[in-house]
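All of the numbers you see were taken from the coordinates with simple rules; none came from a lab. Keep in mind that what you see is a predicted model, and the values were worked out from it rather than measured. Virtual Cβ from ideal backbone geometry, glycine too; neighbours counted across all protein chains shown.
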Amino acid sequence: MEKTGRFKVINRDAIKYIIIFFMLTGHIMAWLSIGDTPPDGLFADCPLWQRIFIELSLITPPVMFFFVADGFKYTRSRKKYAMRLLIFGCITQVPFYLLWFEFYGWWQTNVMFGLLFGLLALCAWESRFKLWQRIALVILCCLGSLAIMTEWMLFGPVIIFGLHVFREKPKARAIWYFSAWAVYLAVSSVPSLITDFTPIRLEVTLVHIFDFIAAYLLMTVFYSGKKGHFPKFSKWFFYIFYPAHILLAVILRLIMKK
C-alpha cells in the first residue's frame, strides 16, 4: 500500500458509509423509475439529475471489491469471512429474486457471491499448492462466478485478485484495475455506442468512467488504512443493510403496482 499522505484522511468505515449512500440513493432512484423497463435500461425518461444519481451508484462495487482484498489480509479467520459472505449471499438472494426474477430468471445471483468467489481466489493464490495449481484454482473461481451469473460476472473476482496481488505495487495495481474496467466498458458500453449512439448512452459511459476513477481515489488516495470508531457495528451493519435495502425495493415495487 502507498505510504500515508496528507490526503489519507478517510477511515474504512467512513468510506463504507459513503458508498452505501451512493448505492442506496442510486438504487432508490432506479427502482422508482423502472416500472416495466428492464433493469439495464437507460432510464431515458428520467430527469438528468436522477439519471446521474442512478449512475453514481456504480462507485460502490469497485470499493466493495477493494475491501474484500483488504479484508483478506487483516481478517482473523478467512474461513469465517467466507462463511459470512456465503450466508449473507443466500439471505440476499431471496429479495434479489423477488426483485429481478422477471428480468433475469433463476440464474442471476447477487454480488455477495461474486465477493465470495473473489475471496476464494485469494485463498487459492495464497495456498501452498504449486504455481500451476494455484493459477488453475484462481481461474476456476473466476469461472465459478461467471457460471452462476453473479453480478459483475467474472469482473469481481478478477479485480479483487489484482488488487490483492499488486497491493504493494501501486502502478501495477492501477494498470490492472483500469485495464479490467476498460474491458468491462468495451464489452458493455462500446458496442451500443457504435451501433446505436445516443447522447444518453454517451452520458452513461462517461459517468461510469468517473465512477471507476472516483472509487479508485477513495481506495488509494483518501483511504487512511484505519478502522472507524465502531468497526464491529459497521461490519455487521453493512452485511445486514445490503439484503435489507433490496427488500425495501421489493416493498416499493409492490406499493407502486397497487
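Could you grab the relative contact order for region 72-197? Cα pairs under 8 Å, six or more apart, rounded to a whole percent.
Relative CO of region 72-197 lands at 20 percent.
Could you grab the relative contact order for region 110-258? Cα pairs under 8 Å, six or more apart, rounded to a whole percent.
16
Which of L146, L206, L122 ends up with the largest GNM mean-square fluctuation for the chain, with Cα atoms connected below 10 Å?
Comparing L146, L206, L122 in the GNM, the peak value goes to L206.
R0 = 22 Å: FRET efficiency of V183 with I148, Cβ-based, nearest 0.05?
The pair V183/I148 has a calculated efficiency of 0.60.
Tell me, Kirkwood radius of region 129-258 from alpha-carbon pair distances, in Å? Write out the running numbers ahead of the final one.
Details: mean 1/r = 0.0553 Å⁻¹.
The Cα-based Kirkwood calculation yields 18.1 Å.
Please give the FRET efficiency for F241 paired with S33, using the beta carbon to beta carbon distance and R0 = 25 Å, rounded to the nearest 0.05.
The pair F241/S33 has a calculated efficiency of 0.70.
Please name which of I246, L206, L185 has its Cα lying farthest along the dipole of the chain towards the positive end, using unit charges on Cβ (Lys, Arg +1; Asp, Glu -1) and the Cα centre as origin.
Result: I246, furthest along the dipole toward the positive end.
In nm, to one decimal, how far is the Q133 label point from the I200 one, both placed 7 Å along Cα→Cβ?
5.3
Can you compute the modelled spin-label distance between K227 and I255, with each label point 7 Å from Cα toward Cβ, in nm?
3.6
Computed over the Cα atoms of the chain, what is the convex hull's projected area averaged over all directions, in nm²?
On the way: hull surface 58.7 nm².
Quarter of the Cα hull surface area: 14.7 nm².
If you fit an axis through the alpha-carbon atoms of helix 131-147 and take the longest principal axis of the Cα set of the chain, what angle between them do you get, 0 to 90°, nearest 10?
Orientation of helix 131-147: about 20 degrees from the principal axis.
I'd like the orientation of helix 78-104 relative to the chain: the angle between its Cα long axis and the longest Cα principal axis, in ° from 0 to 90, rounded to 10.
In the chain, helix 78-104 runs at an angle near 20 degrees to the longest axis.
Go ahead and estimate [θ] at 222 nm for the chain from helices alone: -39,500 (n - 2.57) per DSSP H run with n ≥ 4, summed, over the residue count, rounded to 500.
Rounded to the nearest 500, it is -24500 deg cm²/dmol.
Rounded if a/c is under 1.5, else prolate if a/b is larger than b/c, else oblate: which is region 192-251, with a ≥ b ≥ c the root eigenvalues of its Cα gyration tensor?
Values: a/c = 5.36, a/b = 1.54, b/c = 3.47.
Oblate shape, in that a/c is at least 1.5 and b/c is the bigger or equal ratio.
In nm, give the distance between the simple-model label positions of I52 and L193, each being 7 Å from the Cα along the Cα-to-Cβ direction.
Placing both labels 7 Å along Cα→Cβ, they lie 2.0 nm apart.
Give K73/K171; K79/K235; K16/K227; K169/K232; K80/K235; K80/K226 a once-over and call out the pairs whose C-alpha atoms are over 18 Å from each other. Write out the running numbers ahead of the final one.
Values: K73/K171 20 Å; K79/K235 16 Å; K16/K227 11 Å; K169/K232 30 Å; K80/K235 13 Å; K80/K226 21 Å.
Flagged as over cut-off: K73/K171; K169/K232; K80/K226.
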